[in-house]
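Just below is one structure, and these are the notes that go with it.
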Amino acid sequence: AQSVTQPDIHITVSEGASLELRCNYSYGATPYLFWYVQSPGQGLQLLLKYFSGDTLVQGIKGFEAEFKRSQSSFNLRKPSVHWSDAAEYFCAVVPISGGGGNKLTFGTGTQLKVEL
Amino acid sequence: GAVVSQHPSWVICKSGTSVKIECRSLDFQATTMFWYRQFPKQSLMLMATSNEGSKATYEQGVEKDKFLINHASLTLSTLTVTSAHPEDSSFYICSARGGANYNEQFFGPGTRLTVL
């Protein structure tokens with residue numbers, strides 16, 4: 001079945017430490033890939049997206065993500081986390097083909113806590 | 001660019017009343033708008049997809065008579081929760097898609113509905 005998985009429900013890192021949030025997808029063809037961030041009580045902000053081309057994608061707020069076809073992964077990374085990065089992070093996909101109507105499917109999210 | 005607004009940002013209503021939530025694309029024409037529901041500490045669940053000028057397509061398990069969606073113009077979609085009950089309390093988020101950014105959705109800030 002088609003799905004997008006975020007294996008880590010919660011992650012805690014110290015401020016200044018590096019961060020990697022995992023995202024795996026299961027689709028016949030590589031879908032369009034997105035990472036969103038949501039602060040409490042807020043809507044979603046797009047961090048970055050991958051449609052094609054260079055597999056290392058740069059986003060806003062110092063985030064980047066690497067698409068690895070062989071691993072069906074699109075992990076989000078940041079070299080040095082700031083306390084303001086504490087939030088919920090969602091990986092999402094849009095299938096390229098099929099009758100899905102280009103609908104976004106979200107992972108279950110990863111709650112990031114930053115320790116000062 | 002690509003700003004989506006929602007109004008109201010929060011609403012409290014009595015059980016049995018109806019509540020209307022507006023979603024507007026401020027600087028682009030949204031051919032498609034989506035409505036999501038998010039329970040605390042959970043991911044976004046797609047409720048319905050609406051295309052301008054046509055009936056909304058509801059996801060399985062979403063009552064179309066309960067959640068009325070109208071997409072009368074390229075910049076406005078509304079979600080009306082009819083005869084609201086406490087179990088309808090949730091965070092409702094809309095997104096919009098259109099123009100050159102067909103594979104990307106832009107999200108509103110969300111509306112917190114509390115039904116007493």
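Looking only at Cβ-Cβ distances, which cysteines of chain B have no other cysteine closer than 4.7 Å?
Among the cysteines of chain B, those whose Cβ sits 4.7 Å or more from every other are B:C13.
Per residue of A:84-93, what is the mean number of Cβ atoms on other protein chains within 10 angstrom of that residue's Cβ?
Mean partner-chain Cβ count within 10 Å for A:84-93: 1.
For the stretch B:51-116, report the % of Cα-Cα distances exceeding 21 Å.
Result: 29 percent of Cα pairs exceed 21 Å.
In a Debye calculation with equal point scatterers on the alpha-carbon sites of chain B and no solvent, what is log10 I(q)/I(0) at q = 0.17 Å⁻¹?
-0.76
Counting alpha carbon pairs within less than 8 Å and at least 6 residues apart, what relative contact order, in whole percent, applies to the stretch B:65-107?
Relative contact order here is 26 percent.
Less than 18 Å apart at the alpha-carbon level, and either on another chain or at least 8 residues along: which aspartates and glutamates does that give for B:K14?
Correct list for B:K14: B:E87, B:D88.
Counting only residues 5 or more places away or on other chains, whose amide H sits under 5 Å from the amide H of B:A2 once H atoms are built in the peptide plane?
Distant-sequence amide H within range of B:A2: B:D27.
Holding the Cα-Cα limit at 20 Å, pick out from A:K113/B:K41; A:K103/B:K20; A:K68/A:K113; A:K103/B:K64; A:K49/B:K41 the pairs that are longer than that.
With Cα atoms farther than 20 Å apart: A:K103/B:K20; A:K68/A:K113; A:K49/B:K41.
Only the coordinates and a few stated rules stand behind these numbers; no lab work does. Here the structure is a predicted model, which means the values were calculated and not measured. All Cβ positions, even for glycine, are placed from backbone atoms using ideal geometry, and neighbour counts span all protein chains on display.
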